[in-house]
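Report on the following structure.
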Amino acid sequence: MRTSLSTPAVSPEPAAAPAPPRSDWATIAKLLPYLWRYRWRVGLALGFMLGAKLSNVGVPLLLKQLVDSLSLKPGDPQALLVLPLGLLLAYGALRLMTSLFTELRELIFAKATEGTARSISLQVFRHLHDLSLRFHLERQTGGMTRDIERGTRAVHSLISYSLYSIVPTLIEVTLVLGLLAVKYDIWFAGITIAALVLYVSFTVLVTEWRTKFRKQLNELDSVAHSKAIDSLLNYETVKYFNNEDFESRRYDESLEKLRRAQLKSQSTLSLLNTGQQLIIATALVAMLWRATQGVVSGTMTLGDLVMVNAFMIQLYIPLNFLGVIYREIKQSLTDLDKMFTLLERDREVADAPGAPELRIVGAAVRFENVSFAYEAARPILKNLSFEIPAGKKVAVVGPSGSGKSTLARLLYRFYDLDAGRILIDDQDVRGVSQGSLRRAIGIVPQDTVLFNDTVAYNIAYGRPGASREEVEGAARAAHIHDFIAATPKGYETMVGERGLKLSGGEKQRVAIARTLLKNPPILIFDEATSALDSRNERAIQAELEAVGQNKTVLVIAHRLSTVVDAHEILVMEQGVIIERGHHEDLLARGGRYAQMWRLQQSGAAEPPA
């Protein structure tokens, strides 16, 4: 009894409205669960950081004692000898402890930073593989990889700047303000607080204003990178049409826009840095003037003056980088948000909750009233129905654009249907897990793309973990073993980017070997021998027929001579089946199939659909 799955039809993805911008705090909130796994390391790192700052604040206090000790009366040589020596040793110890605690903090927290970056990057990578084919056909590889690269860097920057710069500076400011307010008059703390408020306000306001220029700079950088990658990936096409100068001009236009954006960003950065330095210099002069007055009036010692100056330098050195830090944190949040946006991208094709594994009994495939369109205004398949009985071969032929290759994409569930069902052994493919579905299907595509690795790696990709003997056996079955063995490095020969070091026929035979190694119950041959010469085509065709024995096979073909033995031949035009039957029956009818056969037998080109 056939079971039906009430899954709603999925229409092509509409143009999504741009999502409202995420707040910085919302981005931080999404990062925190990744850091929570390392919470004990975070706590320990904060402890070491507090120790480093206490040691750092102790240095000016000790420096005051050291300067004041040098003011002893000449009649006390023993105190003059012993006291500064002890203070000097304590001064060196505090400096050492500051560095030691800082290094321990970085050592302890490195695993948390690297682990967080790794977890997010891996999750994004897996999610990108889970997204629909529609997304990958529309994306720009260069720009997307740039977003991922910047997002990974942003994790390091955000954690490092917040834990290593912002939090330590806040702790140190709190300690120094407390000391100044308790030990001296309130003016010292007042000047420091006023300078800090003015400095932070100026930095935040100018940096917020600069953010739009920085975003524009990143977008132009991604565009330039995308154009460069696209041009290099299509190296041969550029050469075929002698368009090196055109590509250089096109790239240079992007670089010029990027240059202008960088100049604008740099000029606003110079404005920010100048304003910050003015605020710092004014505050330092005011503090030293107040301390000098105290020394003159006798309420403060020279050691106090030195200590106040040392405190100010210790405070304003990190503050001097606050603009850079704030800008980098803002940029890191922007970059991280882009990566989280990729992570939140709707999969479009997702497993149903608790989807079971596909159970293969005989591997019968059935299309029931299938309709599908990549775009609503352009239907590809229209109420299509046919069946491939278990262990049989069905061929689909027809002119380009008739929807033949779309059948393979839908069977793989790269897209969901607009209407109808696709069943394997009476199980709707939308109701089973995609992993189990794709394990049951093997395909030799018309356009074969290989990894930039060895021949052995590309064949073994059909079944990772296969032995060398199994890899070589698949290569022999695909009639490519002799070619591989004749090369200097044999199976360790690198195939180049997208397999460009191999000819079209060699790439296709590697793809056939890869699918033969996978050995699934359902096979799809999408123009599998289109790049082969007649001699190799006949040899491989015989192998494919042998491999297809007792398997369910869907053959998408242009050359009709390769499908004459099919259990049934479907002739498609404009998304519908116009003829179906055995080879002899279709010839006898004298219809579209017979016309195509006569044209191919006579060597004439097929007329356009």
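I want to confirm something. Restricting to the stretch 214-224 and keeping residues that are touching a residue at least 12 places away in the same chain (Cβ under 8 Å) and either open to solvent by 50 Å² or more (accessible area, probe 1.4 Å) or not in a helix (DSSP H, G or I) (or both), which single residue is farthest from T334 (Cα to Cα)? Before you say what the answer is, go through the steps one by one.
Filtering the stretch 214-224 down to residues touching a residue at least 12 places away in the same chain (Cβ under 8 Å) leaves 214-218, 220-224.
Filter again for either open to solvent by 50 Å² or more (accessible area, probe 1.4 Å) or not in a helix (DSSP H, G or I) (or both), leaving 214-216, 223.
On the way: R214: 10, K215: 8, Q216: 12, V223: 17 Å.
Per the stated criteria, the residue is V223.
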*Would you call D416 in contact (Cβ under 8 Å) with a residue 24 or more places away in the chain, charged (D, E, K, R), open to solvent by less than 40 Å² (accessible area, probe 1.4 Å) and touching a Gly at 6+ places or on another chain (Cβ under 9 Å)?*
no
*Go through the stretch 353-368 residue by residue and tally those that are under 38 Å from the mean Cα position of the chain (by Cα) and either among the β-branched types (V, I, T) or part of a strand (DSSP E or B) (or both).*
5
*Restricting the search to the stretch 215-240, which residues are modelled with pLDDT under 80 and among the hydroxyl-bearing types (S, T, Y)?*
S222, S226, Y235, T237, Y240
*Looking at (1) over 26 Å from L544 (Cβ atoms); (2) in contact with a strand residue (DSSP E or B) (Cβ under 6 Å, 6 or more places away or on another chain); (3) not basic (K, R), which is the one condition that is false for A376?*
(2)
_Hits in the stretch 252-267 (condition: open to solvent by 60 Å² or more (accessible area, probe 1.4 Å), aliphatic (A, V, I, L, M) and under 27 Å from the mean Cα position of the chain (by Cα))_ = L255
*State yes or no: is S297 loosely packed, with under 13 Cβ neighbours inside 10 Å, without any contact (Cβ under 8 Å) to a residue 60 or more places away in the chain and either of a type in the set (S, T, Y) or on the phi > 0 side of the Ramachandran plot (or both)?*
yes
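I'd like the full set of residues that are at pLDDT below 80 and surrounded by 19 or more Cβ atoms within 10 Å (Cβ to Cβ), limited to the stretch 204-213.
Quick first cut of the stretch 204-213, residues at pLDDT below 80 only: 207-208, 210-213.
Passing the criteria: T207, R210.
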*Taking the stretch 146-187 as the search range and keeping residues that are over 17 Å from K330 (Cα atoms) and of a type in the set (K, R), which one is surrounded by the most Cβ atoms within 10 Å (Cβ to Cβ)?*
R146
*Do any residues in the stretch 382-406 that are closer than 14 Å to L523 by Cα have Cβ atoms under 7 Å from those of residues that are among the charged types (D, E, K, R) and in a strand (DSSP E or B), where the two are at least six apart or on different chains, and which pairs are they?*
V394/E568; S405/D526
_In the stretch 543-566, residue modelled with the highest pLDDT [restricted to those that are surrounded by 16 or more Cβ atoms within 10 Å (Cβ to Cβ) and hydroxyl-bearing (S, T, Y)]_ = T552
*Among (1) open to solvent by less than 20 Å² (accessible area, probe 1.4 Å); (2) among the hydroxyl-bearing types (S, T, Y); (3) more than 13 Å from L554 (Cβ to Cβ); (4) out of contact with any Pro (no Cβ under 8 Å at 6 or more places or on another chain), which single condition is S400 missing?*
(1)
_Candidate set: the stretch 92-125, residues that are within 28 Å of L54 (Cβ to Cβ) and among the basic types (K, R); chosen: the one surrounded by the most Cβ atoms within 10 Å (Cβ to Cβ)_ = R105
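Do we have R598 as exposed (fewer than 14 other Cβ atoms within 10 Å of the Cβ) and not acidic (D, E) here? Spell out how you get there, then give the answer.
Numbers: exposed (fewer than 14 other Cβ atoms within 10 Å of the Cβ): yes; not acidic (D, E): yes.
Judged against the criteria, R598 is a match.
Pick out the one residue from I512, I578, I569 that is at pLDDT 90 or above and open to solvent by less than 50 Å² (accessible area, probe 1.4 Å).
Values: I512 fails: at pLDDT 90 or above; I578 fails: open to solvent by less than 50 Å² (accessible area, probe 1.4 Å).
Result: I569 is the single residue among I512, I578, I569 that is at pLDDT 90 or above and open to solvent by less than 50 Å² (accessible area, probe 1.4 Å).
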*Read through the list (1) at pLDDT 85 or above; (2) charged (D, E, K, R); (3) open to solvent by less than 50 Å² (accessible area, probe 1.4 Å), then give the number of the only condition that K382 fails.*
(3)
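Of all residues in the stretch 436-487, count the ones that are open to solvent by less than 60 Å² (accessible area, probe 1.4 Å), in a loop (DSSP other than H, G, I, E, B), touching a residue at least 60 places away in the same chain (Cβ under 8 Å) and out of contact with any strand residue (DSSP E or B) (no Cβ under 9 Å at 6 or more places or on another chain). Step through it out loud before you land on a result.
First, pick out the residues of the stretch 436-487 that are open to solvent by less than 60 Å² (accessible area, probe 1.4 Å): 436-437, 440-445, 448, 450, 453-456, 458-460, 462, 466-467, 471-475, 477-478, 480-481, 484, 487.
Right, trim to in a loop (DSSP other than H, G, I, E, B) and you get 440, 445, 448, 450, 453, 462, 466-467, 478, 480, 487.
Imposing the further condition that a residue be touching a residue at least 60 places away in the same chain (Cβ under 8 Å) reduces the set to 440, 445, 448, 450, 478.
Filter again for out of contact with any strand residue (DSSP E or B) (no Cβ under 9 Å at 6 or more places or on another chain), leaving 448, 450, 478.
Residues flagged as open to solvent by less than 60 Å² (accessible area, probe 1.4 Å), in a loop (DSSP other than H, G, I, E, B), touching a residue at least 60 places away in the same chain (Cβ under 8 Å) and out of contact with any strand residue (DSSP E or B) (no Cβ under 9 Å at 6 or more places or on another chain) within the stretch 436-487 amount to 3.
Could you please find all residues in the stretch 188-203 being surrounded by 14 or more Cβ atoms within 10 Å (Cβ to Cβ) and free of Cβ contacts under 8 Å to residues at least 24 places away in the same chain? Before you say what the answer is, go through the steps one by one.
As a first pass, look at the stretch 188-203 and keep what is surrounded by 14 or more Cβ atoms within 10 Å (Cβ to Cβ): 188-196, 198-200, 202-203.
Scanning the stretch 188-203 gives A189, G190, I193.
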*Which ones in the stretch 49-62 are closer than 14 Å to T169 by Cα, of a type in the set (A, V, I, L, M, F, W, C) and surrounded by 17 or more Cβ atoms within 10 Å (Cβ to Cβ)?*
M49, A52, V57
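The values are calculated or read from the model by the stated rules, or taken from the named source; none is laboratory data. What you are looking at is a predicted structure, and each value in this text was computed from that prediction instead of being measured. Note: ideal-geometry Cβ built from the backbone for every residue, glycine included; neighbour counts use all protein chains shown. The protein model used for the area step is the full one, side chains on, heavy atoms only, and it has no ligands, DNA or RNA in it. Shrake-Rupley method; radii C 1.70, N 1.55, O 1.52, S 1.80 Å.
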